[in-house]
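The values are calculated or read from the model by the stated rules, or taken from the named source; none is laboratory data. None of the values given here were measured: they were computed from a predicted structure. Neighbour counts are summed over all protein chains in view; Cβ atoms, including those assigned to glycine, are modelled from backbone coordinates with ideal geometry. Note: areas computed on protein heavy atoms with side chains; ligands, DNA, RNA excluded. Shrake-Rupley method; radii C 1.70, N 1.55, O 1.52, S 1.80 Å.
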Amino acid sequence: MKRLLPLLLILPLAGFRPAPLPPPMPQDGPVRVALVDRDRGTELRSYPADGQRWVAGERGHRYAVRLYNDSPRRVLVVLSVDGVNAISGEDADPSQTGYVLNPGQRADITGWRKTQDEVAQFVFSSPSGSYASRTGRPDNVGVVGVAVFEEARRWYPRPQPILRGRAGPAPAAAEASAAAEASAAADASASRIEGYSAKSQAPALGTGHGARESSSVRDTDFERATRSPAQVLQLRYDSARNLRARGILLDSPSRLDRQPQAFPNRYVPDPPAR
């Protein structure tokens, strides 16, 4: 019997257009990924170093993982934060549940999913205060990654206000070949992480389990075109101080090419504490 996996759909934001952004980091594939400092209302610039892309975060600030589907087809994005699946809370694996993006859609994932209508905010925290560390999984703190799958079917129904359903696994194919490819990708990823650990200081940031907020999604059908991801991306994040210690020259906020915006944030923030 085929194993069924629940998938989640992010509903489109009708009439929404993104503000001017910094130049996107170079990526090959249907999806682009960025981190957004929600307290500053800015998309964080990424910097290349040691074969990876790095982002400077600020402890205590809320952030979002911004996903751009640049393709004309729906895609499934499995999101890993600090090595943890941001929907299920399991140790992240590409075979797990994820978010489905419509063609050309941009979506901000703002937290750990608690229900179909609520998340716990992503917050830059100390490594020991991160959700991963607090649940006994500190080894992958400081990295955000996505595994992207294209859809098998070639027709797309008109989006509905609410979609519910179940998603099946990819069609049976050359499983041995796919397993070999996945093993090679895992070995390469492990080598990069080991190289980082051997030559650098401990990370200064992790992702905490913040306050609850509304964020609605619904189940939808999605059949993966392949067993292995069409695209895998990751962003490393750390404090500005640690990035400078790695020799990364950070742009100051005043140097970023960002135009004034009449509506810089989509939601009402909490008032300052008395």
**Q.** Among the candidates ALA56, ALA107, residue that is touching a residue at least 60 places away in the same chain (Cβ under 8 Å) and open to solvent by less than 20 Å² (accessible area, probe 1.4 Å)
**A.** ALA107
Q. In segment 37-62, what residues are closer than 19 Å to THR110 by Cα and touching a Lys or Arg at 6+ places or on another chain (Cβ under 6 Å)?
A. ARG38, ASP39, SER46, ARG62
Q | Some residue of segment 148-159 being modelled with pLDDT of 70 or more and aliphatic (A, V, I, L, M) | A | yes
Q) Can you tell which of ASP50, ASP70 is at positive phi and not aromatic (Phe, Trp, Tyr)? A) ASP50
Q) For GLY168, are the conditions met, namely being at pLDDT 95 or above and either among the charged types (D, E, K, R) or surrounded by 12 or more Cβ atoms within 10 Å (Cβ to Cβ) (or both)? A) no
Q) Looking at segment 84-94, which of the residues that are in contact (Cβ under 8 Å) with a residue 40 or more places away in the chain and surrounded by 17 or more Cβ atoms within 10 Å (Cβ to Cβ) is nearest to PRO72 (Cα to Cα)? A) PRO94
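Grab the strands (runs of 3 or more DSSP E) fully contained in segment 84-142, keeping just those with 1 or more residues being modelled with pLDDT of 95 or more and closer than 16 Å to ASP238 by Cα.
118-125
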Q: Output the residues belonging to segment 190-216 that are modelled with pLDDT under 50 and either under 24 Å from GLU118 (Cβ atoms) or charged (D, E, K, R) (or both).
A: ARG192, GLU194, LYS199
